[in-house]
């Protein structure tokens, strides 16, 4: 059994239209919500074995805040493979993770994250900015993750539902 945590990046700023999409920073709400989700991960005992994040600035900043506020001390990888990734891209990426990683936190973007989540649980589940989904997958090794794999959605959290 593997645990997959899907975290959509926190709210980003659209203030400067000249900034490349990949380099958009977090806005005020995003800077508040990302630490909130880090604390949630710590409080729910969901610290991962590995954090993998899109290389987009808004994802990197979300990851930094989650790490700081959760107390995570493990490995973190930033990769361009998760930027604008499709469900099949995400599945392929996870399939290359080491078998010894039991719980992974993947920080990425919509629509790819929502579509991937839907493919894994069979029902559409919205992921607003900084939303977190916890899934249990019936696999013993990440390389077993296939298009047919169906997991169980244990819980989702939206930052607006959490107390400061």
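Just a few scattered comments:
- Residue match in the stretch 67-74 (condition: under 21 Å from residue 143 (Cβ atoms), touching a residue at least 60 places away in the same chain (Cβ under 8 Å) and either part of a strand (DSSP E or B) or touching a strand residue (DSSP E or B) at 6+ places or on another chain (Cβ under 8 Å) (or both)): no
- Considering residues of the stretch 41-63 that are assigned to a helix (DSSP H, G or I) and free of Cβ contacts under 8 Å to residues at least 24 places away in the same chain only, the residue farthest from residue 12 (Cα to Cα): 43
Residue by residue, here is whether (1) modelled with pLDDT under 90; (2) closer than 14 Å to residue 109 by Cα holds:
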site: 3; (1), (2): no, no
site: 10; (1), (2): no, yes
site: 15; (1), (2): yes, no
site: 20; (1), (2): yes, no
site: 24; (1), (2): yes, yes
site: 36; (1), (2): no, no
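- Per-region count, the stretch 81-97, residues exposed (fewer than 15 other Cβ atoms within 10 Å of the Cβ) and at pLDDT below 95: 0
- Residue identified as closer than 24 Å to residue 31 by Cβ and in contact (Cβ under 8 Å) with a residue 40 or more places away in the chain among 147, 130: 130
- When we screen 122, 38 for residues that are buried (at least 20 other Cβ atoms within 10 Å of the Cβ), free of Cβ contacts under 8 Å to residues at least 40 places away in the same chain and out of contact with any strand residue (DSSP E or B) (no Cβ under 7 Å at 6 or more places or on another chain), the only hit is 38.
- Top-ranked residue of the stretch 98-110 - restricted to ones that are under 17 Å from residue 143 (Cβ atoms) and touching a helix residue (DSSP H, G or I) at 6+ places or on another chain (Cβ under 9 Å), ranked as surrounded by the fewest Cβ atoms within 10 Å (Cβ to Cβ): 98
- Per-region count, the stretch 78-117, residues touching a residue at least 12 places away in the same chain (Cβ under 8 Å) and either out of contact with any strand residue (DSSP E or B) (no Cβ under 7 Å at 6 or more places or on another chain) or assigned to a helix (DSSP H, G or I) (or both): 23
- Of the residues making up the stretch 44-54, at least one is more than 20 Å from residue 115 (Cβ to Cβ) and touching a helix residue (DSSP H, G or I) at 6+ places or on another chain (Cβ under 7 Å).
- Scanning the stretch 118-146 for residues that are more than 12 Å from residue 9 (Cβ to Cβ) and in a loop (DSSP other than H, G, I, E, B) yields a total of 11.
The values are calculated or read from the model by the stated rules, or taken from the named source; none is laboratory data. All of these numbers come straight from a predicted model, not from anything done at the bench. Because the Cβ atoms are built from the backbone with ideal geometry, glycine has one as well, and the counts that use them run over all protein chains shown.
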